[in-house]
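Notes follow once the structure below has been shown.
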Amino acid sequence: MKKSILIFIISLLFSCNSSQDFITSPDSKIKLNIYKKNGSLFYSIEKNNKMIVNKSILGILLKNNLDFSKDIKINKISKSKNYSSWSPMYGEESIIKNEYNEILVSLLKDELQASVIFRVFNDGVAFKYIIPNQDNILSYDIIDEKTEFNLSPDDKAWWIPAFSYRRYEFLHAFSSVDSISKKYFSENVEDISYDSLGIGAAHTPFTLKKKNGFYVSIHEANLINYSSMTLAPRGNGSLQAELYPWSDGTKVKLESEIISPWRTIQIADNSSDLLLSNMILNLNDDPEEGSDFSWVKPGKYMGVWWEMIGTNESTWWPSSNHGANNKKVTKYIDFASEHGFDGLLVEGWNEGWHPGWCCSGNGNPFSFTKTQKDFNLPYLSEYALVKGTRLVGHHETGGQIQNYENQLDEAFSLYQKHGIKFIKTGYVNDVGKNIKRIDENGETVFEWHHGQYMVNHMQRVIEKAAEYEISIIKHEPIKDTGLRRKYPNFISREGAKGQEFNGFSSNGVNHITILPFTRMLSGPMDYTPGIFKLNNFRYVSPDNTVIDKNAIVPSTITKELALYVVLYSPMQMAADLPDHYLAHPKAFEFIKDVPVDWSERKIIDSEIGSHLIIARKDKYSENWYVGGITNENEKIISFDFSFLDENKNYKLDLFSDSLNTHWKDNPMEYEISNEEIDSNSKLELRMAPGGGFAMEISLQD
Ligand code: NOJ
């Protein structure tokens, strides 16, 4: 819903060798400077007169040595502005303001045309390159993107390594920009020194705490038919865009005009404001005219899943402990339906699973239509429908793209026939550059997980899924760049170390206090919260029911509840086993009640890596939910309810850690209290080490 659009254009002609222009954000606090000097184009960004990005070069190098970072002239500069708002189908807010000032810089390199469009929002700056179709460009293949982000050597960043074997599934390093390297990561976070392929670079979102106090996140928006951008250090605080190459070294292969994704620099005065930025979504498009996504519905699901990845009592593959069997799935359906869940994920239902599935060279070729013997798809899907819920499908591709694409139509149509509305997809294929492709000459080549080949594959899957009215929850994805605005069926993704790593290894207790400020700035995450049995839960192996005492989920039950509010996802999982929920019926009620679609959010307090408290308002009622999480340290907070409507009465249901709760040795103790509150109420709250709290605040008649 557009509210108002106001556009004006000024055209100026530049002829001199050196020129300069600027625009500011609508609130005038951010200033973007544009310079042309000695045939190159540069930009810099300031906020409140303090430097955010120092003078940095722009440009793209095409095949045939056509270098748009050199020998260019500015042909024309046009300025415009846009003040509008829109309503997402689902989201964290029901109305999103889209307000920016824009500058379009048209360039000439001899007679060849290119342009850079910059938008300056109150929450940051974005720009993208356009090289239109023209007779004298023989190839639009991109050999290199020259974009720089010149920061200060004193700026520190939370980052994960790119060009590494485990996609985005790493803990974060926190270090100076210049130290980004596999060596630094290996010495300080996790040994990846054997990952010898590829350069030292960081993935985006790349979150910085600047020496001058600002919080900044560099990322990209609207990544379509291009390759993912990483950031490589060039010394003295400088980062350069490094695009994942194809196996032949070309960065991006294009048949015609270039429209790059937006390069985004979100800027905030503090960590909380960073979470309120809508820039990434604002830089994406609405669904195409005439398309209908009204069938996409947010929801909550359970799964025959934690049994495999967490408690280790079942297998994906055929065995006496096979998880996806008719009897077990029927019981899960009964439970999910009795407790009002929209879906039940079942993994390991199809043919192709075997104990070595995850790590077999260049990927495991699964069938997406043939079921294992003990799984009756028509019966179980019908049983679920009769019970008022649905199966959630699962397509683990093993990173075998061609094998998956060959079966896409059949696989989606099979699921559609059985009333399945959501599919969780997966791309486990360790070693980053291991995606098999048969090239134009019939040769087998191996592509990076994050290159243009995979970006385009993911696009095909989303578009194909939409034809079958299926929404996708993608694991091992390409990072989110806001595509859910144009393709609402791209409902959620993993794309970071999620809860599952606490099942088979450990994320440590502090990771979750960093995720919202890094990975989650890009979009919703299928983190899979809600583990209630936090210790003594894991068998040594499905055949050995001795409990692995070392396995713990480094959390508390209150924190697990808080995650439903803290970590936004329109398709949220209750990941634990039915019996573990039955042991905590009231806490389970919270998971059943908590919404997945919101109209408002308030960040009550935060610091990256320390704590985060968020209040969200349900889109369909006057009720609020609050989640608070802390790192390994206890936190005492004075909480006030001034975000509530004045002169109204509410009932508070509070789940808080007990005095003895501790993530390490006493994670499952908590207290439940109820009281009447209003906007003047105040509360002293304690979060235990590694703990949190959750609130349900219901308006009273
Ligand atoms: C990795 C996914 O992240 C996980 O959720 C899934 O269970 C396994 N792959 C198997 O597909």
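The values are calculated or read from the model by the stated rules, or taken from the named source; none is laboratory data. These figures come from a predicted structure and were not determined experimentally. A quick note on method: Cβ atoms are made from the backbone with ideal geometry, for glycine too, and the neighbour counts reach across all protein chains shown. Note: accessible area is taken over every heavy atom of the protein model, side chains too, but ligands, DNA and RNA are not part of it. Shrake-Rupley method; radii C 1.70, N 1.55, O 1.52, S 1.80 Å.
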Which one of 23, 159, 136 has its Cα pushed farthest toward the positive end of the charge dipole of the stretch 2-282, where Lys and Arg give +1 and Asp and Glu give -1 at the Cβ?
-> 23
Taking the Cβ of residue 419 as the center, what net charge do the other residues with Cβ under 15 Å away carry, scoring Lys and Arg +1 and Asp and Glu -1?
-> +2
Place +1 on the Cβ of every Lys and Arg and -1 on the Cβ of every Asp and Glu in the chain, take the dipole about the Cα centre, and give the residue among 394, 537, 581 whose Cα lies farthest towards its positive end.
-> 394
Treating the angle as unsigned and between 0 and 90°, give the value, to the nearest 10°, between the Cα long axis of helix 452-467 and the longest Cα principal axis of the chain.
-> 60 degrees
Using θ = phi - 60° and Karplus 6.51 cos²θ - 1.76 cosθ + 1.60, couplings along the stretch 341-357 (whole Hz; Gly, Pro as x) | 7, 7, x, 10, 6, 10, 9, x, 8, 10, 7, x, 6, 8, x, x, 3
Relative contact order computed over the stretch 553-701 (Cα-Cα under 8 Å; 6+ residues apart), in percent = 31 percent
Divide the volume of the convex hull of the Cα atoms of the stretch 362-519 by its number of residues and quote the answer in cubic angstrom per residue.
-> 152 Å³
Give the value in nm², to one decimal: projected area of the alpha carbon convex hull of the chain, averaged over all directions.
-> 30.4 nm²
Could you work out the local net charge near residue 173, counting Lys and Arg as +1, Asp and Glu as -1, over the other residues with Cβ closer than 12 Å to its Cβ?
-> +1
Of the heavy-atom accessible surface of the stretch 553-701 (probe 1.4 angstrom), what whole percent is carbon and sulfur?
-> 42 percent
Under Stokes-Einstein, the stretch 19-155 at 10 °C and 1.306 mPa s, with its Kirkwood radius over C-alpha pairs, diffuses with a coefficient in µm²/s of 97 µm²/s
For the stretch 2-282, size of Cβ-based charge dipole, Lys and Arg +1, Asp and Glu -1, in debye | 760 debye
Shape call, the stretch 403-478: gyration tensor on alpha carbons, a/c limit 1.5 = prolate
Computed magnitude of the charge dipole of the chain (debye, nearest 20; Cβ of K, R +1, Cβ of D, E -1) = 1400 debye
Hz values of 3J(HN,Hα) by residue in the stretch 565-576 - Karplus curve (6.51, -1.76, 1.60), Gly and Pro given as x | 9, 5, 9, 6, 8, x, 10, 10, 9, 9, 7, 7
With the other protein chains left in place, how much accessible area per residue, in square angstrom, belongs to the stretch 192-338 at a 1.4 angstrom probe?
-> 34 Å²
What angle do you read, to the nearest 10 degrees and between 0 and 90, between the alpha-carbon axis of helix 401-417 and the longest principal axis of the chain?
-> 50 degrees
Considering only the chain, percent of DSSP beta bridges that pair antiparallel, nearest 5 = 85 percent
Cα-projected label distance for residue 70 with residue 600, points at 7 Å along beta-carbon direction, nm = 5.6 nm
Put +1 on the Cβ of each Lys and Arg and -1 on the Cβ of each Asp and Glu in the chain; which of 239, 609, 173 then has its Cα farthest toward the positive end of the dipole?
-> 239
If 460, 390, 616 are ordered by their accessible area, calculated over protein heavy atoms with a 1.4 Å probe, which sequence runs from highest to lowest?
-> 460, 390, 616
Specify the angular offset, from 0 to 90 degrees and rounded to the nearest 10, of the alpha carbon long axis of helix 377-386 from the longest principal axis of the alpha carbons in the chain.
-> 80 degrees
Of all GluC sites (Glu not before Pro) in the stretch 283-348, which ones are in loop regions per DSSP and have a Cβ with at most 12 other Cβ atoms within 10 Å?
-> 288, 289
Mind listing the phi-derived Karplus ³J(HN,Hα) values for the stretch 64-71, rounded to whole Hz, using 6.51, -1.76 and 1.60 with θ = phi - 60°, and x for any glycine or proline?
-> 6, 6, 8, 9, 7, 9, 9, 6
Per residue, the convex hull enclosing the Cα atoms of the stretch 553-701 spans a volume in Å³ of 109 Å³
Find the relative contact order for the chain and round it to a whole percent, using C-alpha pairs within less than 8 Å whose residues are 6+ positions apart.
-> 10 percent
Leaving ligands, DNA and RNA out of it, report the carbon-plus-sulfur percent of the accessible area of the stretch 2-282 at a 1.4 Å probe.
-> 48 percent
With labels modelled as points extended 7 Å from the Cα through the Cβ direction, what inter-label distance (nm, one decimal) is found for residue 402 paired with residue 622?
-> 6.2 nm
First check a/c for the stretch 450-568, with a ≥ b ≥ c the square roots of the eigenvalues of its C-alpha gyration tensor; if it is under 1.5, answer rounded, and if not, answer prolate when a/b is larger than b/c or oblate otherwise.
-> prolate
When the Cα atoms of the stretch 2-282 are enclosed in a convex hull and the volume is divided per residue, what value in Å³ results?
-> 143 Å³
Just from its helices, what would the mean residue ellipticity at 222 nm be for the chain, if runs of 4 or more DSSP H residues each count -39500 (n - 2.57) and the sum is divided by every residue, rounded to the nearest 500 deg cm²/dmol?
-> -4000 deg cm²/dmol
By the gyration tensor of its Cα atoms, with a ≥ b ≥ c the square roots of the eigenvalues, what is the shape of the stretch 118-277: rounded for a/c under 1.5, prolate for a/b over b/c, or oblate?
-> oblate
Over the stretch 216-255, what is the relative contact order in whole percent, taking alpha-carbon pairs under 8 Å and six or more residues apart?
-> 31 percent
Given the stretch 289-396, what percent of its DSSP beta bridges are antiparallel, to the nearest 5?
-> 10 percent
